[in-house]
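**Student:** What follows is a structure written as structure tokens; I'll ask about it next.
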Amino acid sequence: MYLTEEETRMLNGDRGDAVKKAMEILVALGESFGAKRLVPINNVHMAGSSVLVAEEAGTRFVEDIRTQGGTFVTNVTTNPTAVDPTQWQKIGIPESDSILQTRLTDAYAGMGANTCNTCIPYLVGNTPRFGEHMAWGESSAVVYANSVCGARTNREGGPSGLASALTGRTPEYGFHLSENRYGKFLIKVETPLNDMTDYGTLGCFAGKIAGQDTPVFTGVPASPTLEQVKALSAALASSGAVSMFHAVGVTPEAPSLEAAFGGKEPEKVVVFDLAEKQKVEAFLNKETSDRVDWIQIGCPNASVQEIREVAQALEGKKIHPDITLWVTTAGGMYAMAERMGYIKTIEDAGGVIVRETCPFLARSRVIAPNKGFKTLTTNSAKMAFYAPGQFGLPTHYGNLDRVMQAAIDGVWR
């Protein structure tokens, strides 16, 4: 792999041990994927921000990098942690996680990270530019950045993201190269997509077919909302290992079918109609009873618009006393929603607004049994897909209206 003079000096240790170690990681990664060079970047979203992922060993690794003089030379934002720092005891997070999480978050902050602790960095100030090379972790954010923004990033892990933040470089392979960004197969959407949940259902359908390949959609409405493409991105990355999609006439690199496929014919053509949609919905509804325990809204983290819709559904009402409702979001979204009065409405109804963490990156296998949860109810296809395996909780899956009615009634209808 070709290195510039500056990159060679970094690899030789001229900028300190932390940068030397970071360059060793990037060179090894690049050579394993056949990269010819490194590309300059100024944007990293750090996936390994939760101690559920990092644990003690990963936390010590980040602390050691900081002790060695590590300083971030790029814009760095952080993914959700394992802890809501304002109420970790109340929502059932172990104290040991709170202590370890403080160490890890402090280490990142000490090197210059913006510890926003969210999976939606594009809504809290880190908005990718078209064509910008980046090093992002968090699968749903990667799909969103590549597809909706037209930025260029692979799915980075904690060590490679950390290495890129210390050097301002990432190996040029995968989705950094134009030839790897074209679609492989076509999905014709032939049923209406009415809300965020429908887009998530479509994403779950496509992800299971796609694997690591890039799907191209036709029939997607011309102006989907941010929340809808966010849900589509998350579901694609969950049921498959998708890093990018094209929607013809919607996403920036797909003004036409020919552009989306780079002038080639699709390898496969699949139809997503009402029958396929109903099959996916049935697949995601694992719980056969009408029991509702834990309701989760905000996967990926809820936008202000999503929080507003929850507040509207709960205005003047009370959540059933047997139900725990979490709305997970970023601190920035919380601040705006609080100003608008949405937080008070939800809390007055009995809901809990959870910041800086989520069930995936907190220790939900401890929280759920301690709280007596037996089921999980959600409008998120990503959450419904993962929860049975990751938390041991069968799911109810449906749109927000149906989920909020369950929150009030205490049963799934």
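**Student:** Taking the dipole about the Cα centre of segment 5-178, with the C-beta of Lys and Arg at +1 and of Asp and Glu at -1, give me whichever of G174, A18, T8 is farthest to the positive side.
**Tutor:** G174
**Student:** On average over all directions, what projected area in square nanometres does segment 5-178 have, based on the convex hull of its Cα atoms? Spell out each step's value before the answer.
**Tutor:** Working: hull surface 39.2 nm².
Over every viewing direction, the Cα hull of segment 5-178 projects on average to 9.8 nm².
**Student:** Can I ask one more? Once phi is turned into θ = phi - 60°, what whole-Hz ³J(HN,Hα) does the Karplus curve with 6.51, -1.76 and 1.60 give for every residue of segment 383-392, x standing for Gly and Pro?
**Tutor:** After applying 6.51 cos²θ - 1.76 cosθ + 1.60, I find 5, 5, 5, 8, 4, x, x, 7, 10, x Hz.
**Student:** I would also like to ask the following. When only C-alpha pairs under 8 Å and at least 6 residues apart count, what is the relative contact order of segment 285-409, in percent? List each step's numbers first, then the result.
**Tutor:** Working: 212 pairs, mean separation 43.2, N = 125.
Normalised by residue count, the contact order of segment 285-409 is 35 percent.
**Student:** Another one. So between E347 and K36, what do we pick up on full extension, going 0.36 nm a residue minus the alpha carbon distance? Intermediate results must be reported in sequence, preceding the final value.
**Tutor:** On the way: separation 311, 0.36 × 311 = 111.96 nm, distance 5.35 nm.
Difference between extended and current length: 106.6 nm.
**Student:** If I model a spin label as a point 7 Å beyond the Cα along the Cα-Cβ vector, how far apart are those points for E338 and Q87 in nm?
**Tutor:** Result for the modelled spin labels: 1.2 nm.
**Student:** For the chain, calculate the relative contact order in percent as a whole number, restricting contacts to Cα pairs under 8 Å that are 6 or more residues apart. Don't jump to the answer; show the numbers that get you there.
**Tutor:** On the way: 919 pairs, mean separation 70.3, N = 413.
Here the relative contact order equals 17 percent.
**Student:** Same structure, new question: Given an 8 Å cut-off on Cα distances and at least 6 residues of separation, report the relative contact order of segment 169-258 as a percent. Can you show the working numbers first?
**Tutor:** On the way: 143 pairs, mean separation 28.6, N = 90.
Here the relative contact order equals 32 percent.
**Student:** Of K188/K264; K208/K268; K344/K374; K188/K279, which ones are farther than 25 Å apart at the Cα? Numbers along the way, then the final one.
**Tutor:** Values: K188/K264 17 Å; K208/K268 14 Å; K344/K374 28 Å; K188/K279 16 Å.
Cα-Cα > 25 Å for K344/K374; rest within.
**Student:** Another question, then. Using 0.36 nm per residue, how much length does the chain from F283 to E95 gain when fully extended, once their Cα-Cα distance is taken away?
**Tutor:** Additional length available on full extension: 64.1 nm.
**Student:** Considering amide H positions built from the backbone, and no H for Pro or chain starts, which residues 5 or more places from R169, or on another chain, come under 5 Å of its amide H?
**Tutor:** I41
**Student:** Quick check for you: which residues of segment 146-180 have the amide N under 16 Å from the point 7 Å beyond the Cα of A28 toward its beta carbon?
**Tutor:** 157-164, 171, by backbone N distance to the label point.
**Student:** Under 22 Å Cα to Cα from K371, which lysines show up? Leave out anything in the same chain fewer than 8 places away.
**Tutor:** Correct list for K371: K90, K286, K318.
**Student:** Does the chain come out rounded, prolate or oblate by the C-alpha gyration tensor, with a ≥ b ≥ c the root eigenvalues, rounded set by a/c under 1.5 and, if not, prolate when a/b is larger than b/c and oblate if not?
**Tutor:** Numbers: a/c = 2.08, a/b = 1.22, b/c = 1.71.
The shape class here is oblate.
**Student:** Still on this model: How large is ³J(HN,Hα) for each residue in segment 224-240, as worked out from phi by the Karplus curve 6.51 cos²θ - 1.76 cosθ + 1.60 (θ = phi - 60°), to whole Hz, x for Gly and Pro?
**Tutor:** x, 6, 4, 5, 5, 6, 5, 5, 4, 4, 5, 5, 4, 7, 9, 6, x
**Student:** Peptides 297-304, 384-391, 338-345: what's the order by average Cβ count within 10 Å, highest mean first?
**Tutor:** Numbers: 297-304: 25.9, 384-391: 20.4, 338-345: 15.9.
So the order, starting with the most tightly packed, is 297-304, 384-391, 338-345.
**Student:** Another question, then. How big is the C-alpha Rg of segment 115-182 next to the rule-of-thumb value 2.2 N^0.38 Å, as a ratio? Don't jump to the answer; show the numbers that get you there.
**Tutor:** Numbers: Rg = 11.4 Å, N = 68, 2.2 N^0.38 = 10.9 Å.
Computed over Cα atoms of segment 115-182, the ratio equals 1.04.
**Student:** Given a Förster radius of 60 Å and the C-beta distance between D409 and E5 as r, what FRET efficiency does 1/(1 + (r/R0)^6) yield to the nearest 0.05?
**Tutor:** On the way: r = 67 Å, r/R0 = 1.12.
FRET efficiency, D409 to E5: 0.35.
**Student:** I295's amide H: which non-local residues (gap 5+, or another chain) put their own amide H closer than 5 Å, with H modeled 1.01 Å from N in plane and none for Pro or chain starts?
**Tutor:** For I295, whose amide H was placed from the backbone, the distant partners under 5 Å are T324, L325, W326, T377.
**Student:** What's the magnitude of the charge dipole for the chain around its Cα centre, counting Lys and Arg as +1 and Asp and Glu as -1 at the beta-carbon? Answer in Debye, nearest 20. Show your work: numbers first, answer last.
**Tutor:** On the way: 38 positive and 45 negative charges, 44 e Å.
The calculation lands at about 220 debye.
**Student:** Sticking with this structure for a sec: Under Stokes-Einstein, with the Kirkwood radius over Cα pairs standing in for Rh, what whole-number D in µm²/s applies to segment 182-282 at 4 °C and 1.567 mPa s? Let's see the in-between values first.
**Tutor:** Values: Rh = 13.1 Å.
Here the translational diffusion coefficient equals 99 µm²/s.
**Student:** Calculate the all-directions average of the projected area of segment 103-248's alpha-carbon convex hull, and give it in nm². Mind showing how you got there, number by number?
**Tutor:** Details: hull surface 35.4 nm².
About 8.9 nm², averaged over all directions.
**Student:** Also, quick follow-up: Classify segment 287-366 from the C-alpha gyration tensor, please: rounded if a/c falls under 1.5, else prolate or oblate depending on whether a/b exceeds b/c. Let's see the in-between values first.
**Tutor:** Values: a/c = 2.08, a/b = 1.18, b/c = 1.76.
It is oblate, given that a/c is not under 1.5 and a/b is not larger than b/c.
**Student:** Could you give the nm distance between label points at Q312 and N370, where each point is 7 Å from its Cα heading toward the beta carbon?
**Tutor:** So the label points at Q312 and N370 sit 3.6 nm apart.
**Student:** Would you list which aspartates and glutamates come within 12 Å of K36, measuring only between C-alpha atoms, while excluding same-chain residues fewer than 8 positions from it?
**Tutor:** Answer for K36, where 12 Å is the Cα cut-off: E172, listed by chain and number.
Read the figures in this text as sums done on the coordinates, not as results from a lab. Since we're looking at a predicted model, the values are computed, not measured. So basically every Cβ, Gly included, is an ideal-geometry build from the backbone, and we count neighbours across all protein chains shown.
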